[in-house]
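Peer 1: Here it is, the structure in full.
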Amino acid sequence: MKRQIPFVLVFIFGAFMVFQYFIPHESSEWVYEFLLDWIIIIGIFALALGIWSLLRVSLDKIKNKKENYIYSYLILFGLFGEIIFGFTAFNGNGESWGFYLPFVACALLAIIMIIHTIISTGKKTTFAALAGVFILLSVLISIFDNSWSFHFSSAEGVQNPMFRSFFDHILIPVLSTMFALLAFFIASAAYRAFRARNLLATLLLVAALIVMMRFNPWVAVIYGDYGAKLSNWLMNVPNLAAQRAIVIGIGLGIVATALKIILGIERGYMGKG
Amino acid sequence: MKLKTVIFICLLLLATISVSAQEGAEIVPETDTTEQMPPPAPISLLTAVDTDNDNGHSVTLTWELSPDDRQGAKSVMSYEIFRWVPLMRDTVEQVRSELANTGQELEVGDPTGEIKEKRNRLRDEYEGLLSRYSDAYGQYPNNGVWKSVGVSPSGSTTFADKGSKEREAFDYLPDYCDFYYQVFAVTSDAGIRTGSEIFGPVHSYGQWFNTGRIPIFVAVLFFSFLTIYFVQRAKKGDDLYVRPLAGIEAVDDAIGRATEMGKPILYVLGLGTASDVATIASFTILGRVAKKVAEYQTALIVPTYDPIVMTVAQEVVKSAYIDAGRPDDFKEDTVHFVTQSQFAYVAAVNGTMLRELPATNIYMGKFFAESLLLAETGAVAGSIQIAGTDEIAQIPFFIVACDYTLIGEELYAASAYLGREPVLLGSLKAQDWAKAALVILGIAGLVAANLGWTDFTDLFHVIN
Amino acid sequence: MDFGTFLWVNFGAFLTFAILSFLYKDNPFYKIAEHLVVGVSAGYFVVILWHNGLSPNLFQKLDDGSWFLLWLDSSEPWYIIPAILGVMMWTRFSKKWAWVSRWPMALYIGIATGVAIPLEMGAKVNRQLYAIMEKGFDWQNFFGHGSFNLLDATSGLSQVIIFVGTISALIYFFFSKAHTGWFGGMAKFGIWILMIGFGASFGYTVMARISLFINRLQYLDKSWYRNAVDTVNENYHVGFPIVFWFLILLIVGYIILEIVNHVKSKESPAAE
Amino acid sequence: MNVFEKLMKLDRRWVFLFLIIVCVFAYVVDFNVPIMVEPESQKIYDFIDNLEPGSIVLIAIDYDPNNMAELHPMTYAVVEHCWRKHVKVIFTALSQNGPGMADQAIRDISDSLMVDQTYNGVEFKGREIINGVDYCFLGYKPYYALVILGMGQNFRLPFPSDYYGSPLDSLPMMRGVSNYNDIDIVVDLSGGNITDAWISYGQSRFNFPLALGLTGVMTAQYYPYLGSGQVMGIMGGLLGAAQYEEMAENPGLAKDGMRVQLGAHVVIILFIIMGNIGLLIERRRHKKEGGI
């Protein structure tokens, strides 16, 4: 029973969605949009599980003092810091920050102390007492400080200057530099893999070289716009043929896999026990 | 493409409605203009029908061009379409905008519950008005005015008067109401115009089957039949041959290698969510890999990008350990969540690779720009790498940087290959037959196209 | 430039260098940037999904109901169902009830696969099939439009190559037939076409990826380095040159340390 | 191990180091990169160069910061060329982060117009660029295809007022300018699928000359439109921008970037060749040893 119901659900909802595609009527659209809303909401609820997993792994490292455990504090700091910023905002235009930063510090320390209370084996009472002190401090600040306040039901927190600074000066530089590392990796991958070991590797190498030469001004001066024409032809003829075949294959693969799942032929994705 | 065109023309129409609503554009009286220029000839044969294959709330008009379209001094520059609307429209619009305002007020805050109450009252009033609204359309030509619903450029002979299906939207167009239309040919001087004969009444309503999608329907039915047929044959014990795939055979060796070296295996499910079929296919592969890993007692690391993917992957790995008879060896943190940001995830996985030095990295699922970042770092760490993705743009990078790559649909075949269950191999057979059918249809269609038999090729044309 | 911005700009530059240092090898700076950004991005998504996902898609749908009636009196009470399903996901925290979480998962996967079948069949199979047969070969311009031009992508010859290429590449993907005889020949041609296509699209991407690095160079140059050397700049801050030289010192020091370590390890190979 | 084997198995960090040195060197040191002008970008330049003073060009800035490195230089080159020739410019930004890009470009180019310059032997006096006289920035509106269609009727339909809030009729240059008929050419600089909308909703419907500036990855995809005449010219990636600068004799951002591109491409190609030479020599040696 426990094991059968999920597969029945998969079949019912899957089959419905297949037929829904062919029914343009309003009522079928309504169900469709409603179900897609479900997916979004379930996904957001599941994020709690994700954050829990992230915390567990970090705490486990700290608790067992595994290699590099010290960096796990940075994860905690970033995670809780950003969450606190995202749910608080300054009243007025934010010209006065009041005791905002001390509050954030107290709240973060309180969280760290609570965590240590949970994971430590000795000294539990010391950590608990410290946690109590910091909680008290942050509660007091949030009661008596009028320059900022919590916002849960509206999105003022996203405009919080600290939230934006974290985004602009931590996330953006790191993420775009990570992306930019590709400039180097594409070079090293080309060096390592573009060797004429056999016919297939040679075809790969020659096609890539022709296209790369097209963007090299020195080569263009010698060959004229022949390189540009050749590389455009490569993209619009052999590449188009390759893509078309792959797309058709992928389409059939997706439909076959989805069918196997809806019909209950493939059950490997669902747990047992 | 056609659907897009229709949608965007309709959006344009909405914009014009809003503009004309502000200006309160009514039909310009056709006097005094004759002394400057004679009015253009009107359009002819105006017809309006419900738009086909949609959810209703839309009427399609067609007409024959005015003889003055784009020629001569009284050249027609555009056609303006008018629909007759009851006078009640202003009341309806007023209540609707008040209702919309309360929605905005609610977002600011509603400490006393007053706004909420007002909103409910307005909503009831609005619903009542709407039900009388459709009756008012029936009173044509009394108690109503002509209202511009859109402009179509010269040379066009069709226009879709499409409204919203949302009852509280400003352009809500009710179904099953009597609509009357008139189209004006307009010259460069907006005052000089000629109206057509009035057409009506016409209803809009939703359909229960989209005939434009029949080719897809047939294809799905045909393919489902093939799959079920071959799976049944496989169940009966037919021997099904599949040719070997290098990437799949490598998986077994790679797990063995990891065991020998005493190093872990890193399995990356990619950036897909659990709603991507590529990721679901990857789950089943993960299941097979995890089972072997459990048998060999090697370590497995599965960092995930999406919390639902993490949950499903945990289930999959856990049951693989149970299948292998080692439920106690399963640790929940084997599958862990990292973060939902693409490059932050890559940063973390890259760090893991250089710290844990896995013997084997397996990438299966949806990958985007990070494919090469992962694969090159994996190569630095000296791992054997096996990749499979259906993101066409990323396949070249995997081919270049990995030892084995499953191209496109081979990813979907992989779970059948790894499991070697006859039932799953049956579906591969179905895929092959479908491909053969496509090749034959493609050749036949091309021959038909060269001979100009568009009737045949149109059979395969999907109209949205 | 106020002091807060000064600190942030420098921190951004530091993180940029920290990530770039990964090219050499894994190091403490990279670890700092990596762990920090994992935490911050996870927190960022919690906030964004709360404000942009949960709030409009759930809370606002139920907010005209009252909690003691379990929001059943709201105008769209059926939105309680996804909320319940979401909460069912949380049964995973308990070992005994974890199986309940499979129901929402089954729903999720059922809906996703069901949506995919007709959609992918239409977009990937039907549409491509029609694209193959949509136009007959252009016999008039078989060798290029106007003049003889083999590199004309819309000439009849190119159309023939596209067609044959597509069919052969499809044949390469056949699973249940060994690649032998004429079938194997077609499959071989298919894989050639695939490889040429992959090579070309690889080559095309190089320029875009180098541009990403140029972007980063410009970022460091304009928003950071220029503040340190260009004293007339409105963003000039006396701290910038200090930080700049400190960073240079740090990098040089690290390089020297690495060289010393390298030499030492060569002198005493037994140490490994 | 001989030299060639070493070449074969070179640690990739040498590739990184070499690349980073060459890139930074090329970024800092100003050396001349020969640019061969392709006919596709020549056509755009010639068209704008032959415009009468007072003509109007519409420049659509449809890219995000991600594609800035490739597309920003095109904006700078084309707009400066227009303004130097006293051609008026209408800017639109149909991608979400476009307005920021356009705003920055307008400010920077206005500054550089203050200086006297000589391009292609013609001396241009520095002058002040005035909003509403020399240019008009319409700003951003969502649903780009709708906006493109709407502008075909009248610019005032999607944009009753400009980006800075002044009504279009209050701007001197917009008087008597109603739709694409009053515009000489549309230049779309885009890093995404807005280009498709400009072709199918804009050009094919309203029949104006359309020139494209695209990222390198996208370029090949749009060449078929050149053949069909829907597009009059294409600038592809940084190279296309550099070609425009070359024609205008006004080296700028693109040529700066092109130095880095050239350096990086040469390094990559050299390393590929090195690897293959190593492979070739090793193979030959293998054969010899096998023969004995």
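The values are calculated or read from the model by the stated rules, or taken from the named source; none is laboratory data. Computed from a predicted model, the values in this text were never measured in an experiment. In this analysis, Cβ positions are derived from the backbone assuming ideal geometry, glycine residues included, and neighbour counts consider all displayed protein chains. The area values use the complete protein model at the heavy-atom level, side chains included, leaving out ligands, DNA and RNA. Shrake-Rupley method; radii C 1.70, N 1.55, O 1.52, S 1.80 Å.
Peer 1: Taking C:E120 as the residue in question, decide whether it is acidic (D, E) and buried (at least 20 other Cβ atoms within 10 Å of the Cβ).
Peer 2: yes
Peer 1: For the stretch C:147-176, name all the residues that are more than 7 Å from every other protein chain (Cβ to nearest Cβ) and under 19 Å from B:Y412 (Cβ atoms).
Peer 2: Within the stretch C:147-176, C:I171, C:Y172 qualify.
Peer 1: Six or more apart or on different chains, Cβ atoms under 8 Å: show the pairs whose first residue is in the stretch D:260-278 and more than 7 Å from chain A (Cβ to nearest Cβ) and whose second is among the acidic types (D, E) and open to solvent by 10 Å² or more (accessible area, probe 1.4 Å).
Peer 2: D:G278/D:E5
Peer 1: Check whether at least one residue in the stretch C:27-49 is assigned to a loop (DSSP other than H, G, I, E, B) and away from chain A (no Cβ under 11 Å), and report yes or no.
Peer 2: yes
Peer 1: From the list D:I90, D:I106, which one is open to solvent by less than 70 Å² (accessible area, probe 1.4 Å) and either in a loop (DSSP other than H, G, I, E, B) or closer than 19 Å to D:V147 by Cα (or both)?
Peer 2: Answer to the check: D:I90.
Peer 1: If a residue must be open to solvent by 10 Å² or more (accessible area, probe 1.4 Å) and either within 8 Å of chain B (Cβ to nearest Cβ) or in contact with a Gly (Cβ under 7 Å, 6 or more places away or on another chain) (or both), how many such residues does the stretch C:97-111 contain?
Peer 2: Of the residues in that region, 2 qualify.
Peer 1: Give the residue, chosen from C:L85, C:L150, C:L129, that is at pLDDT 90 or above and surrounded by fewer than 24 Cβ atoms within 10 Å (Cβ to Cβ).
Peer 2: Result of the check over C:L85, C:L150, C:L129: C:L85.
Peer 1: Name every residue in the stretch A:142-155 that is buried (at least 17 other Cβ atoms within 10 Å of the Cβ) and under 20 Å from C:G4 (Cβ atoms), in order of residue number.
Peer 2: Across the stretch A:142-155, the qualifying residues are A:D145, A:W148.
Peer 1: Something else now. Can you list the strands (runs of 3 or more DSSP E) lying wholly within the stretch D:109-154 that have 2 or more residues being within 26 Å of D:E249 (Cβ to Cβ)?
Peer 2: D:117-119, D:122-124
Peer 1: Please identify the pairs in which a residue from the stretch B:353-375 that is open to solvent by 10 Å² or more (accessible area, probe 1.4 Å) has its Cβ atom under 8 Å from the Cβ atom of a residue that is at pLDDT below 95 and in a strand (DSSP E or B), counting only partners at least 6 apart or on another chain.
Peer 2: Cβ pairs passing all conditions: B:K366/B:G270; B:K366/B:T389.
Peer 1: Pick from A:I83, A:I39: which is modelled with pLDDT under 90, surrounded by 19 or more Cβ atoms within 10 Å (Cβ to Cβ) and within 22 Å of B:T339 (Cα to Cα)?
Peer 2: Step by step, each of A:I83, A:I39 is checked, and only A:I39 is modelled with pLDDT under 90, surrounded by 19 or more Cβ atoms within 10 Å (Cβ to Cβ) and within 22 Å of B:T339 (Cα to Cα).
Peer 1: Further question on the same structure: Of all residues in the stretch B:46-63, count the ones that are at pLDDT below 90 and surrounded by fewer than 19 Cβ atoms within 10 Å (Cβ to Cβ).
Peer 2: The number of residues fulfilling the criteria is 2.
Peer 1: Taking the conditions exactly as written (open to solvent by 20 Å² or more (accessible area, probe 1.4 Å), under 24 Å from D:F18 (Cβ atoms), in contact with a helix residue (DSSP H, G or I) (Cβ under 9 Å, 6 or more places away or on another chain) and not basic (K, R)), does D:V266 satisfy them or not?
Peer 2: yes
Peer 1: Taking the stretch C:50-77, which residues are more than 19 Å from B:R119 (Cβ to Cβ), more than 7 Å from chain A (Cβ to nearest Cβ) and either surrounded by 15 or more Cβ atoms within 10 Å (Cβ to Cβ) or at pLDDT 85 or above (or both)?
Peer 2: Scanning the stretch C:50-77 gives a single hit, C:W50.
Peer 1: Here is a follow-up. Quick one: which helices (runs of 4 or more DSSP H) sit completely within the stretch B:238-341 and have at least 3 residues that are touching a residue at least 24 places away in the same chain (Cβ under 8 Å) and among the aromatic types (F, W, Y)?
Peer 2: Because the criterion is at least 3 residues that are touching a residue at least 24 places away in the same chain (Cβ under 8 Å) and among the aromatic types (F, W, Y), no helices (runs of 4 or more DSSP H) in the stretch B:238-341 meet it.
Peer 1: Another question, then. Condition check: buried (at least 18 other Cβ atoms within 10 Å of the Cβ) and more than 14 Å from chain C (Cβ to nearest Cβ). Does B:R83 satisfy that?
Peer 2: yes
Peer 1: Among the numbered conditions (1) buried (at least 19 other Cβ atoms within 10 Å of the Cβ); (2) more than 9 Å from chain C (Cβ to nearest Cβ); (3) among the hydroxyl-bearing types (S, T, Y), tell me where A:T257 comes up short.
Peer 2: (2)
Peer 1: Given the condition surrounded by 21 or more Cβ atoms within 10 Å (Cβ to Cβ), within 30 Å of B:P303 (Cβ to Cβ) and free of Cβ contacts under 8 Å to residues at least 40 places away in the same chain, answer yes or no: does some residue in the stretch A:61-68 qualify?
Peer 2: Within the stretch A:61-68, not a single residue is surrounded by 21 or more Cβ atoms within 10 Å (Cβ to Cβ), within 30 Å of B:P303 (Cβ to Cβ) and free of Cβ contacts under 8 Å to residues at least 40 places away in the same chain.
Peer 1: Before we move on, is D:P34 closer than 19 Å to A:A180 by Cβ and either surrounded by fewer than 22 Cβ atoms within 10 Å (Cβ to Cβ) or in contact with a Leu (Cβ under 9 Å, 6 or more places away or on another chain) (or both)?
Peer 2: Criteria not met by D:P34.
Peer 1: Report whether or not C:V160 is open to solvent by 50 Å² or more (accessible area, probe 1.4 Å), of a type in the set (A, V, I, L, M) and more than 30 Å from D:N66 (Cα to Cα).
Peer 2: The answer is no for C:V160.
Peer 1: Since B:G445 meets every condition but one in (1) open to solvent by less than 10 Å² (accessible area, probe 1.4 Å); (2) small (G, A, S); (3) touching a residue at least 24 places away in the same chain (Cβ under 8 Å), which condition does it not meet?
Peer 2: Single failed check for B:G445: (3).
Peer 1: Right, something else. Is it the case that B:L226 is modelled with pLDDT of 90 or more, within 12 Å of another protein chain (Cβ to nearest Cβ), crowded, with 20+ Cβ neighbours inside 10 Å and farther than 17 Å from B:S383 by Cα?
Peer 2: So B:L226 fits the description; yes.
Peer 1: Is there a residue in the stretch A:188-198 that is without any contact (Cβ under 8 Å) to a residue 12 or more places away in the chain, under 30 Å from B:T339 (Cα atoms) and assigned to a helix (DSSP H, G or I)?
Peer 2: yes
Peer 1: Here's a follow-up. Has the stretch B:182-189 got at least one residue that is of a type outside the set (A, V, I, L, M, F, W, C), at pLDDT 90 or above and open to solvent by 20 Å² or more (accessible area, probe 1.4 Å)?
Peer 2: Yes; the residues of the stretch B:182-189 include at least one that is of a type outside the set (A, V, I, L, M, F, W, C), at pLDDT 90 or above and open to solvent by 20 Å² or more (accessible area, probe 1.4 Å).
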